[in-house]
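Undergrad: So that we are looking at the same thing, I have put the structure below in structure tokens.
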Amino acid sequence: MNLKNILILVLACAAFGCKKTLDIDPSPVTLNGANIFSSDGNLESAVAGMEVKVGGLLNGLSGIPITMGLAADELSNFASGNFSAVPAQFYTNALVSNQYYLWPNAYSTLNVCNTILDGISGSGGSSLTPAIRSQSIGEVKFTRALVYFYLVNMYGDVPMPLTADFQVNGQLARAHQADVYKQVVQDLKDAQGLLPDGVYNNASAQAMASPDRVRPNRQAASALLARVYLYMKDYPDAEAAASDVIGKSLYVLEPVLNNAFIKTSREIIWQWQQVSTYPANNADAGFLVLTQAPALGTLFPLTSWLTGAFDTVNDKRWANWVGHFTTTATATVPAATYYYAFKYKVYSLTAPNSENVVVLRLAEQYLIRAEARAMQNKLIDAAADLNAVRSRAGLPATTASDQNGLIAAVLKERQLELFTEFGHRWFDLRRTGTIDAVMNVVTPLKGGGAWNTSKQLLPLPAIEIALDPNLSQNPGYN
Amino acid sequence: MKLTALLIVIGVLQVSAGEAQKVTLHEKNVSLSKIFKEIRRQTGYDFFVDAELVRRVGSVSVDVSDVPLKEALDNCFKNTSLTFRIENGTILVDEDKPVFIVGRVPDSTAVLGPQKDSLVLIRGKVTDQKGNALAGVTITLKDYNRAMTTNAGGEYIFLAPNHRTLIFTSVGYRRREVKVNGAAIINISLDLDITELDATQVIAYGTTTRRFNTGEQTTVSSKEIENYPVANVLTALQAKVPGVMITQTSGVPGSPVSVTIRGQNGLNTGSNPLYIVDGVPYTMDEYLTQNSNIAHGGLYGQNPLNFINPLDIESVDILKDADATAIYGSRGANGVMLITTKKGRSGATRVTLNAFTGISQVPYLPHMLNTQQYLQMRHEAKKNDGLPVTILDYDINGVWDTTRNTNWAKELLGNGQTTNAQVSVSGGGPNSTFLLSGNYRRQNNLEKLFGGSDQTASLHFSAGTTSQDGKFSVSLTGGYTYDVSDIPPGDQFANIITLAPDAPKLFNSDGSLNFQNNTFNGNPAINARHLNRTSVNNVLSSAVISYRPLPGLELKATVGYNKQQMNEFNGFPISGNPPALGITTGSANFTTDNNTYWSVEPQATYTRDISKGRLTATVGYSVQKQTEDQLPLTATGYTSDALVSSPTAGTSIKPLQGQSYSLTVYKFTGVFGRVNYIWDNKYLLNLTGRNDGSTKFGPDNRFHFFGAVGAGWIFTEERLMKGLPWFNYGKLRASYGVTGNDQIGTSYYLANFNSTGTSYQNVPAVTPTNIPNPVISWETTRKIEVALDLHFLHDRISLTGNYFRNRNSNLLSGYAQSWITGFNQVERNLPGLVQNRGFDLTLTTVNLQLKDFSWTTTVLFTKMRNQVLRFPPSSPAAQIAANLAVGYPVGVLRLLKSAGVNPTTGLYQYYDATGHINPNLNQPQDNVVLEDPNPKWFGSIANTFTYKGFSLDVLFRVVRQIGRSALTQASYVAPPGFASNVTTATLSRWQKPGDVTDVQRYSASFLSFTPYLYLGNSTAGWSDATYGRLQNASLRYTFGNTVTKKLHVQNLQVYVLGENLLTITSYGGFDPETQSLYHLPLVRTITGGLQVTF
């Protein structure tokens, strides 16, 4: 019987092959520790992965623009339901420590940054093409600086992992804000040196210019650095960094306001490309643009404090960047009109990509330089920068003539120019020390009860404090 | 083919001629069998001879012409050790020294010499009580190692010494002993056996009997499974197995079923048992689906046993303790379910038709507010909040017709219908058997608003053959299942029953969705426009090749192959959107899953009698490979609704958001062995071991040894006990051993970067998915078992009690750590300890056993407790983060202490960790009340009554537990007061300062939102959820001989089956089993059917 022999053969094989049969690759479709940083393509995929990760902070319901817009006096909240608990907590300035909020997104992005930096400096990194290597390091350092900048402004002192060693990072204490800023400046200076000047690399970074401004370049690093210096009150450096951008003819304030946020806008210094296919555009638009009464969806119209600040007659930004939606009157209830942010026009989830997430744009650089110059008492230059933004909006030159008046005018202009973009309003109120004065009025009217100055910082997640014995909570959240 | 017939009969049993016939033979060096055949041809005499003897004798030469038969035979046997005797037209051939005396002879005075004339040739027929022939009955000669089985007609022939005893045994029948008393014909009938002490019981890599089993195992037979009109066999096991908790999650067909055998062992490892189908490992993972329609409301996945037709299952054996499971090594920790499918039986070809159909209904629904109460709630909420009715409050501002009062549950639900039809054909000859069956099943969606159905077609077959000499056998078993569901994705149960009772109609008169001038854009019937088609193909096959080269030695190889493929399509057409959203294109998701498994398991078993005992030793090797891949795609940009089911008719195809193609390969090898020794039918010893390797772990940690020792003492075999007439069987058994668990992801030992399914500037993106842990290794479970089996009054009463203690160490777990590390956990082995300890009892009594009436009762009771005994580090913070507490079970509930409703503000309030009422709570630090969500105990009572042709089975089940309280289940999507309906449990709410109640005030503002959100995590959010359920009842009537003869059928039965008939509980929420707001409650099903055998 032949089968008998086969059977005996199988039994015999069994006695040997045991160990050998387990020599397999864990998954042929996964990059793993051994192979990730040994080739240009893998590294680029890892950097792309970092960009995907950071996107969670840059747009959407738990991104910085919406959460910080709700916390400040920019966005109002009508949404109901469990899904909207987090927006409601931001809106009423009633944040709680059992929520994570933006913390995990920020730190998992930083972990990717640190993993890539560790990996490149490790053994595999030597085989990389130099151009790709420097683009990647520059891009990672730029991203790390961006995340730390927001972390210190949202949480105050924060732990600052700079490697991917989880045993070290899991025990970190909070670093002083000044040290975090120092690191942010260092990373941005490194990025300035590594990233291409005045051009945007395409995906494969082979020194080929790309029409899309979705990879950070030297000017993107400079633009962020200008903002960082402004926050650090280092006005000469802020002015210099902003000039590095404004001086490039590549960047133009789009004369037609409705072109400022489309993906081909010449005003953009760096925009984050939407990686999702659903929506394929800036996810914020889905929450900001009203197509129905706000209570029917998770929709956030503008507050009356913001709409009331506009010169609705002359300011072209009112007509172009603010939309309105009027409900139908009924027998018992009159019609109501809601105003909403309309910088991004594409709110349909299925529309093809035409708008990205504009993180850095030229108008902010003018306003940074205006403020930095005003602070240095360079009033004429300051007014010129401010007027560049005003004139594009169809407004006459500023009437402010003294230093304080000019600074106040710049801040007001920031409110009107940068509304619903990346929490500028909230962070401006904080850095200028005016947050208590404003929120003392606003928070009770938003239904959040009395304002307390400790509310200007987010709580650290309580579980994180439980897990990392060296962490401490922000005041007011214990 | 284990009970191999050693005796063969050449020719047909019939008497034809006298002994004086003449024979002529001219044969040189031919086999005896050739000569026998020739003699038979010439004389018509049959030979009855041991085939082994014929083989041993080899070739002979005979040269005779026209001599009498006797002389010819003398000639044939003259140079052999054989002798012969002629009796009733049959020639009996045997050795001088009859071989049947080689068996053990316990009593020396009974030794038989070569007394040939004491032999009697016995023929007969074995039937059941109704006179049906029983095939495959084993007949053994008492005290001798001789056995044979009945043929397809229930007939047998046996050469036995006179005054000795024959033992008749068959699975499911009571053993009978008959003394040979010179009679040539012994026809006997066997009684159905209830305790089945000596029935064959399937164990890992072999079989045993309940009498000699040293492990803890429960067998559920097809007879019990057939009483359940269910699509998943697990549902039929729900209250039938002590120590096993099976919970359904939703009333929708095909929803996930959770199974834990003796509690959750690990912290994060899967708790699924190992499923073995016909000796081949079957997938234990749930199929993950993109949409939740198959399993409603956030449940994604299909249980793999959905794709094995319960009616094709012969038995399910649930193995629990170390003795029974350690031979499966790494995968035995959570217990093992051995599923044996039906096989053919020798005998005339039988065709069986079985069909049933019936309806399902939701037995009880939540009581929602009517329009009057609802409007009162809404206005009261506005008043409480001091807020005006706004333009957006369509339900109360006059936009919607407030005189409407719709009972939305009625709009949603209809009757579910289940139809099942099966045809099977089986039969076989003496050396081969076959079975072929086909089944079709259809269950439609109870939610008539959405429609659709789940349909399954399956084919099952088995075929086996054994060589003439009984040494070689091959069998092949397999099946194919095709399941398809088109129930629209996303259960809207919660959304529909919480609609305002004055909400507009869901559909316009032309059938289109009604958005009521954009005031009803949240119309939940939108989902009825969404499309689904989820199909699963499942191919299961196993082949067993067995060879017995020497007496007592069997070489066997089991080869298995299993392929499952799931194709899922979910379409979202343009017409399913409110026009106001301006969505002008459709989209669709397409997902393909492929799972392939193969395994090869050669093994050798050697059986030998040593001294007064029998030794059985088994060694084997196992290699398995499992490949799984999943491709989730989304297509967008469809401009025509007619095309959404085509993946290429849109404008783009991309990976589904947040997902990517995945492929995992998982390999597994093991060397296993078992030594079993039964001494004097009294003392039992069983040693098992397995060295296992798995590619889930790093190269240095791949192999691990698992093993167990089991022992038993049948004390009723002791001389002292043997005389007790009322105590017929008693066994004390105990086992200890170590088993393992590797149910984690495949490559945690490496740093993995997985595709995110997205790209940045057209560069495909990958991100790290884990923190690598190179030293990750097996989780081990140490199991101790002590058990007592007692049978009284000839098995009229049987009682089994088990005490068990399983301790799980080297716990595989995602160990919580700060997000600062990039991940909130790292997979590692923790030096913690989790214990499951408890006992269970099974009591079966035959209460009445009359001529026409019988009544049998089985009571099961299980009490067990899960506890974390050790968890490092012991800091409370780390335990809180891991949601653990030493001394409490895995999955402990950490609850805020409720302080009721504040009589002044009307809001829920809670105590903080310091015991003060505090509106600013820190969770989880303030959650100081710890509760065990697991059942405290559970049990069931099953009664079987038979009266003439009727049989009635009734099973009642009790679970003692806590569950989410009526208060948390009072409102689904928003606190009471918002624009969604709530249950009448909220009517006792706070209304004015000074009111003392436990229901928060109606409110539609965010100030009341936060205290409400804490409710479910507070002591007020949990309550007693004990329930008793009439789980199953079945009534069958089998027609008697007069009817079946008239209809020319062998068997005819009609039956009614009922499932989930009645629930008794004081639980105020919904279904105490699912405890879920969002899932359709478990349904009540009543079916009627007919079974005919031709």
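Every read-out reported here was derived from the displayed coordinates using simple, explicitly stated rules and does not represent laboratory data. Predicted model, so just to flag it, every value in this text is computed and none were measured. Using ideal geometry, Cβ is built from the backbone for each residue, glycine included, and neighbour counts are taken over all protein chains shown.
Undergrad: Just how large is the dipole of chain B about the Cα centre, in debye to the nearest 20, putting +1 at every Lys and Arg Cβ and -1 at every Asp and Glu Cβ?
TA: On the way: 92 positive and 81 negative charges, 385 e Å.
For this selection, approximately 1840 debye.
Undergrad: FRET efficiency for B:Gln565 and B:Ile610, Cβ-Cβ distance as r, R0 = 56 Å, nearest 0.05? Write down the numbers at each step before the final one.
TA: On the way: r = 50 Å, r/R0 = 0.90.
My answer for the efficiency is 0.65.
Undergrad: Could you list B:Phe706, B:Phe1070 so that the one with the fewest beta carbons within 10 Å of its beta carbon is first and the one with the most is last? Don't skip to the answer; put the middle values down first.
TA: Values: B:Phe706 28, B:Phe1070 23.
Least crowded to most crowded, the residues run B:Phe1070, B:Phe706.
Undergrad: All other residues with a Cβ under 10 Å from the Cβ of A:Leu162 taken together, and with Lys, Arg as +1 and Asp, Glu as -1, what is their net charge?
TA: Working: positive: A:Arg144; negative: A:Asp118, A:Asp165, A:Asp187.
Here the count lands on -2.
Undergrad: If you average the alpha carbon positions of segment B:920-994 and of segment A:224-251, how far apart do those two centres end up, in angstrom?
TA: If we compute the Cα centre of each part, the gap is 62 Å.
Undergrad: Taking amide H positions as placed in the peptide plane 1.01 Å from N, state which residues far from B:Leu25 in sequence (5 or more) or on other chains have amide H under 5 Å from it.
TA: Answer set, sorted by chain and number: B:Val64, B:Ser65, B:Asp66.
Undergrad: Then there's this: Given R₀ = 60 Å, what would the calculated FRET efficiency be for B:Ser258 paired with B:Lys70, taking r from the Cβ atoms and rounding to 0.05? Numbers along the way, then the final one.
TA: Working: r = 74 Å, r/R0 = 1.23.
That pair, B:Ser258 with B:Lys70, gives E of 0.20.
Undergrad: Also, I was wondering about something else. Starting from the 7 Å offset along Cα-to-Cβ, what nm value, one decimal, do you get for the label separation of B:Thr997 and B:Ser575?
TA: 4.6
Undergrad: Does the protein assembly as shown come out rounded, prolate or oblate by the C-alpha gyration tensor, with a ≥ b ≥ c the root eigenvalues, rounded set by a/c under 1.5 and, if not, prolate when a/b is larger than b/c and oblate if not? Spell out each step's value before the answer.
TA: Working: a/c = 2.58, a/b = 2.08, b/c = 1.24.
Taking the square roots of the gyration eigenvalues as a ≥ b ≥ c, the protein assembly as shown is prolate.
Undergrad: Testing the spin-label approximation: label points 7 Å from Cα along Cα→Cβ at B:Ala409 and A:Ser354. State their distance in nm.
TA: 4.9
Undergrad: Please compute the alpha carbon radius of gyration of segment A:161-255, then divide it by the globular-protein estimate 2.2 N^0.38 Å. Two decimals is fine.
TA: 1.30
Undergrad: At B:Thr209 and B:Tyr803, where each label point lies 7 Å from the Cα along Cα→Cβ, what is the point-to-point distance in nanometres?
TA: About 2.9 nm separates the two model spin labels.
Undergrad: What residues of segment B:394-433 lie in the reach of a label at B:Asn1051, counting those whose backbone N is under 19 Å from a point 7 Å from the Cα along Cα→Cβ?
TA: Counting backbone N atoms under 19 Å from the label point, the list is B:421-429, B:433.
Undergrad: Specify the inter-centroid distance of segment B:624-679 and segment A:408-478, based on alpha-carbon positions, in whole Å.
TA: 45
Undergrad: Using Cβ counts within 10 Å as a stand-in for footprinting exposure, how do A:Leu70, A:Leu117 rank, fewest first? Please list the in-between numbers first.
TA: On the way: A:Leu70 26, A:Leu117 20.
Fewest-to-most ranking of A:Leu70, A:Leu117: A:Leu117, A:Leu70.
Undergrad: Work out, step by step, the length gained on full extension between A:Ala173 and A:Gln403: first 0.36 nm times the residue separation, then minus their alpha carbon distance; give nm to one decimal.
TA: Details: separation 230, 0.36 × 230 = 82.80 nm, distance 4.05 nm.
Length difference between fully extended and current span is 78.8 nm.
Undergrad: About the Cα centre of the protein assembly as shown, what is the dipole size in debye to 20, counting +1 per Lys and Arg Cβ and -1 per Asp and Glu Cβ, all else neutral? Mind dumping the intermediate values first?
TA: Values: 127 positive and 119 negative charges, 682 e Å.
Computed about the Cα centre, the dipole is about 3280 debye.
Undergrad: How much length would be gained if the chain were fully extended between B:Asn681 and B:Val886, taking 0.36 nm per residue of separation minus their Cα-Cα distance, in nm to one decimal? The partial results should precede the final answer.
TA: Values: separation 205, 0.36 × 205 = 73.80 nm, distance 4.52 nm.
Gain on stretching B:Asn681 to B:Val886: 69.3 nm.
Undergrad: If R₀ is 30 angstrom, what is the calculated FRET efficiency for the pair A:Ser243 and A:Ala131, using the beta carbon separation as r and rounding to 0.05? Display every interim value, and only then the final one.
TA: On the way: r = 27 Å, r/R0 = 0.91.
Plugging the Cβ-Cβ distance into 1/(1 + (r/R0)^6) gives 0.65.
Undergrad: Also: Please list, in order, the residues from segment B:659-689 whose amide nitrogen is less than 15 Å from a point placed 7 Å along the Cα→Cβ vector of B:Thr627.
TA: Under cut-off, by backbone N: B:662-668.
Undergrad: What does the charge dipole of segment B:458-593 about its Cα centre add up to, to the nearest 20 debye, if the Cβ of each Lys and Arg holds +1 and the Cβ of each Asp and Glu holds -1?
TA: Working: 7 positive and 9 negative charges, 75 e Å.
About 360 debye.
Undergrad: If you don't mind, another one. Can you give the extra length, in nm with one decimal, that the chain gains between B:Arg870 and B:Ile167 once fully stretched, where that is 0.36 nm per residue apart less the Cα-Cα distance?
TA: 247.6 nm
Undergrad: Let me ask another. Run the paramagnetic zone check for A:Gln376: 7 angstrom along Cα to Cβ, then residues of segment A:226-250 with backbone nitrogen under 16 Å.
TA: Only A:226-247 pass the distance filter.
Undergrad: Across peptide A:275-286, how many C-beta atoms of other chains are within 10 Å of each residue C-beta, on average? Mind showing how you got there, number by number?
TA: Working: counts 8, 5, 13, 7, 1, 3, 0, 0, 0, 0, 0, 0.
Shielding by partners across A:275-286 averages 3.
Undergrad: Something else: How charged is the neighbourhood of A:Asn105? Take every other residue with its Cβ under 15 Å from the Cβ of A:Asn105, and add Lys/Arg as +1 and Asp/Glu as -1. Walk me through the numbers before you get to the answer.
TA: Numbers: positive: A:Lys53, A:Arg144; negative: A:Glu51, A:Glu464.
Neighbourhood net charge equals 0.
Undergrad: Same structure, new question: Determine the distance separating the Cα centre of segment B:64-78 from the Cα centre of segment A:307-378; give it in Å without decimals.
TA: Segment B:64-78 and segment A:307-378 have Cα centres spaced 118 Å from each other.
Undergrad: Taking only Cα atoms of segment A:286-341, what ratio of Rg to Rh do you get with Rh as the Kirkwood inverse-distance radius?
TA: Numbers: Rg = 12.2 Å, Rh = 12.1 Å.
Rounded to two decimals, Rg/Rh equals 1.01.
Undergrad: Of B:Ile39, A:Ile120, how do they rank once you tally other Cβ atoms within 10 Å and put the fewest first? Walk me through the intermediate numbers first.
TA: On the way: B:Ile39 23, A:Ile120 18.
With the sparsest Cβ surroundings first, the list reads A:Ile120, B:Ile39.
Undergrad: Another question about this same structure. Return the calculated 222 nm mean residue ellipticity for chain B, to the nearest 500 deg cm²/dmol, obtained by summing -39500 (n - 2.57) across DSSP H runs with n ≥ 4 and dividing by the residue count. Don't jump to the answer; show the numbers that get you there.
TA: Numbers: 13 runs with 89 residues, N = 1094.
Value at 222 nm, helices only: -2000 deg cm²/dmol.
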